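Chemist: Take a look at this one; I'll ask things after.
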Amino acid sequence: MKKPENPIAFIDLAAQQKRLGNSIQKSIEAVLSHGRYVMGPEIDELEEKLAKFAGCKYSVSCASGTDALLMSLLVKEVGKGDAVIVPTFTFVATAEAVVLAGATPIFADVCDDTYNMDANSLLKAINVAKEKGLNLKGIITVDLFGLPADYAAISKIAKENNLFLLDDACQGFGASYNGTRMGAVGDLAATSFFPAKPLGCYGDGGAVFCNSEEDLELLKSVRVHGGGSNKYDNVRIGITGRCDSIQAAVLLQKLTIFEDELKARQMVADRYNAALADVVKVPVVPEGCQSAWAQYTIATDNRDGLGEFLMKENGVPSACYYPIPLHQQTAYKHFPRAEETLAISEKVCNKVISLPMHPYMEDDVQDYIIESVKDFYK
Ligand SMILES: *Cc1c(COP(=O)(O)O)cnc(C)c1O
């Protein structure tokens, strides 16, 4: 196979920018001319469109996915003495937000096939909270790599134990579970618009989704320093959590093609699946789930060898999400966990490797990536 002329992109944001033409410039210029850099008209428009896209009542834009998680926890009045269960195999921000809120994260293991929170490990984590006398308040699910978590099982457990369910949909925006989009599952959902996420802006941004008017008002309050009836009436603890008008302007343009991009991502995933299923473990998508394909992640025994071969011999970039589960991280290892050993996470962190994935991948480039992976196993 002939190596493509241009360097292979892991995520091709330039191709997306080209497709959008000068619409993004125009949208940014509109902000420059009205001058409302903070909470400009783009914010209301974006929030309305995001909520509509997700199929829930309200969305509140904010400064990052991490802030979206933290704001959600503040709204649920999570604080000192409280605990929240999170999966250990995720990006650090899922647990970090719990610690920033002053509470204790309890780590649960994930499933071997989906890499998402294991309902059995969740039940064990609930018992650990009881044993330790922690006031367990909620569960954060993660839609890892864009795949929805096991909501049938986990929503039931949340209800039975009177726990809130917060969806960390930072990778899952655009995905759906039995026809319900991420944003509309759980009590609250948080997403990120970091450039590399399925829907990204040109800096940092995020949003929280909710269905109750009460949560909406609380989210707006914690977004700006816990404001009450006016700006200088502070009734609770909040943050500086606003999204910039310029980022909203960028997102409004990108949202117009997002649906189409999700379809293109699915096509790229389908081609990878068909070609690689015999060679490596390809992603498992349970019945009823539609992934947003934030990452296309395979699993294999010689992950590091494959990654090195792909780059050095073939110029194919890859990435490893995540090499160390959170319960083994220096800053987090003292927090409680469902069991002493979270065996699946400790195993899969050594096997996963993500291949280039974006909606603009040309067939010949993808074929080259596929052949390069196959070459390694010859
Ligand atoms: C990216 C990400 C976050 C944090 O989002 P930021 O916008 O970078 O703060 C949180 N959780 C998960 C699972 C993520 O992938």
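Chemist: Going by the alpha-carbon gyration tensor, a ≥ b ≥ c the square roots of its eigenvalues, is the chain rounded (a/c under 1.5) or, if a/c is not under 1.5, prolate (a/b greater than b/c) versus oblate?
Modeler: Oblate is the answer for the chain, as a/c is 1.5 or above yet b/c matches or exceeds a/b.
Chemist: Here's a follow-up. At a 1.4 Å probe radius, carbon and sulfur cover how many percent of the accessible area of the stretch 334-378? Please list the in-between numbers first.
Modeler: Details: 910 of 1970 Å².
Carbon and sulfur atoms account for 46 percent of the accessible area of the stretch 334-378.
Chemist: Another question about this same structure. Can you pull the Rg over Rh of the stretch 25-80, Cα-only, Kirkwood? Intermediate results must be reported in sequence, preceding the final value.
Modeler: Details: Rg = 14.3 Å, Rh = 13.2 Å.
Using Cα coordinates only, the ratio equals 1.08.
Chemist: Continuing with this model, one more query. Using the structure shown, select from LYS124/LYS333; LYS137/LYS333; LYS76/LYS254 the pairs with a Cα to Cα distance greater than 25 angstrom. Walk me through the numbers on the way to the answer.
Modeler: On the way: LYS124/LYS333 18 Å; LYS137/LYS333 21 Å; LYS76/LYS254 31 Å.
Result: LYS76/LYS254 exceed 25 Å.
Chemist: Give me P(r) over the stretch 58-168, computed from all C-alpha to C-alpha distances, binned every 10 Å, as integer percentages.
Modeler: Percent of pairs per bin, in order: 15, 50, 31, 3.
Chemist: Additional query: What would the Debye equation give as log₁₀ I(q)/I(0) for the stretch 263-375 at q = 0.15, 0.18 Å⁻¹, counting only Cα atoms as equal point scatterers?
Modeler: -0.72, -0.95
Chemist: Roughly what % antiparallel, to the nearest 5, for the DSSP beta bridges in the stretch 66-221? If you can, show how the numbers build up before the last one.
Modeler: Values: 8 of 25 bridges.
If I count the DSSP bridges inside the stretch 66-221, around 30 percent turn out antiparallel.
Chemist: Then there's this: In nanometres, what is the gap between the two model label sites at LYS26 and GLU217, each 7 Å from Cα along Cα-to-Cβ?
Modeler: Inter-label distance under the simple model: 4.0 nm.
Chemist: Evaluate Rg over Rh across the stretch 222-287, taking Cα atoms for both radii and Kirkwood's formula for Rh.
Modeler: Numbers: Rg = 21.6 Å, Rh = 16.2 Å.
With Rh from the inverse mean 1/r over Cα pairs, Rg/Rh is 1.33.
Chemist: OK, next. Any chance you could check the Cα centroid distance between the stretch 8-38 and the stretch 158-217 for me, in angstrom?
Modeler: Each part reduced to its Cα centre gives a spacing of 24 Å.
Chemist: Can you give the % of DSSP beta bridges in the chain that are antiparallel, to the nearest 5? Display every interim value, and only then the final one.
Modeler: On the way: 24 of 42 bridges.
Of those bridges, close to 55 percent are antiparallel.
Chemist: Each residue of the stretch 103-117 in turn: what ³J(HN,Hα) in whole Hz from Karplus with 6.51, -1.76, 1.60 and θ = phi - 60°, glycine and Pro shown as x?
Modeler: Per-residue couplings from phi come out as 9, 9, x, 10, 8, 10, 7, 10, 7, 5, 8, 9, 6, 9, 3 Hz.
Chemist: Probe radius 1.4 Å, ligands and nucleic acids ignored: give me the carbon and sulfur share of the accessible area of the stretch 174-330 as a rounded percent. Working shown, then result.
Modeler: On the way: 3320 of 6720 Å².
C and S atoms contribute 49 percent here.
Chemist: Show me, for the stretch 13-26, the HN-Hα J-couplings you get by feeding each phi into the Karplus relation (A = 6.51, B = -1.76, C = 1.60, θ = phi - 60°), rounded to Hz, glycine and proline as x.
Modeler: Calculated HN-Hα couplings, in order: 6, 5, 5, 5, 4, 4, 4, 6, x, 9, 5, 5, 4, 4 Hz.
Chemist: Sequence gap at least 6, Cα distance under 8 Å: using those rules, report the relative contact order of the stretch 283-378 to the nearest whole percent. Walk me through the intermediate numbers first.
Modeler: Values: 85 pairs, mean separation 38.5, N = 96.
Here the relative contact order equals 40 percent.
Chemist: Got a sec to turn the phi values of the stretch 221-232 into Karplus ³J(HN,Hα) couplings, 6.51 cos²θ - 1.76 cosθ + 1.60 with θ = phi - 60°, whole Hz, x for Gly and Pro?
Modeler: Per residue, the Karplus-derived 3J(HN,Hα) values read 5, 5, 4, 10, 6, x, x, x, 5, 8, 4, 9 Hz.
Chemist: If the chain between ALA331 and ASN230 were fully stretched, how many nm would it gain, using 0.36 nm times the residue separation less the Cα-Cα distance?
Modeler: On the way: separation 101, 0.36 × 101 = 36.36 nm, distance 3.79 nm.
The ALA331-ASN230 span can extend by a further 32.6 nm.
Chemist: Just to verify a number: FRET efficiency for VAL279 and ALA343, C-beta to C-beta distance, R0 = 22 Å, to 0.05? Intermediate values should be presented prior to the final figure.
Modeler: Numbers: r = 25 Å, r/R0 = 1.15.
So the FRET efficiency works out to roughly 0.30.
Chemist: What is the Cα convex hull volume of the stretch 323-363 when expressed per residue in Å³? Display every interim value, and only then the final one.
Modeler: Details: hull volume 4.6 nm³, N = 41.
About 111 Å³ per residue, rounded to a whole number.
Chemist: Under 4 °C and 1.567 mPa s, how fast does the stretch 96-141 diffuse according to Stokes-Einstein, given a Kirkwood radius computed over C-alpha pairs? Answer in µm²/s, whole number. Could the numbers behind the result be given before it?
Modeler: Working: Rh = 11.4 Å.
In µm²/s, the coefficient is 114.
Chemist: Here's a follow-up. Got the relative contact order for the chain handy, in percent, Cα pairs under 8 Å and 6 or more residues apart?
Modeler: Working: 797 pairs, mean separation 87.2, N = 378.
RCO, the chain: 23 percent.
Chemist: Taking 25 Å as the cut-off for C-alpha to C-alpha distance, list the pairs among LYS3/LYS374; LYS159/LYS197; LYS312/LYS374 that go past it.
Modeler: LYS159/LYS197
Chemist: Rounded to the nearest whole Å², what accessible area per residue is found for the chain with the 1.4 Å probe? Before the final figure, lay out the partial values.
Modeler: On the way: 16260 Å² over 378 residues.
Per residue, the chain has an accessible area of 43 Å².
Chemist: While we're on this one: Roll a 1.4 angstrom probe over the protein heavy atoms and tell me the percent of accessible area of the stretch 44-171 that is carbon or sulfur.
Modeler: Numbers: 2120 of 4370 Å².
So the carbon and sulfur contribution to the accessible surface is 48 percent.
Chemist: Still on this structure, I have one more. Step through the table entries LYS263/LYS378; LYS52/LYS220; LYS2/LYS378, compare each Cα-Cα distance with 26 Å, and write down the pairs that go over it. Each step should come with its number before you reach the end.
Modeler: Working: LYS263/LYS378 32 Å; LYS52/LYS220 18 Å; LYS2/LYS378 18 Å.
Beyond 26 Å between Cα atoms: LYS263/LYS378.
The values are calculated or read from the model by the stated rules, or taken from the named source; none is laboratory data. Because the structure is a prediction, the values reported are computed rather than measured. Cβ sites come from the backbone with ideal geometry, for glycine too, and all protein chains shown count toward neighbours. With ligands, DNA and RNA removed, areas are computed over all heavy atoms of the protein, side chains included. Shrake-Rupley method; radii C 1.70, N 1.55, O 1.52, S 1.80 Å.
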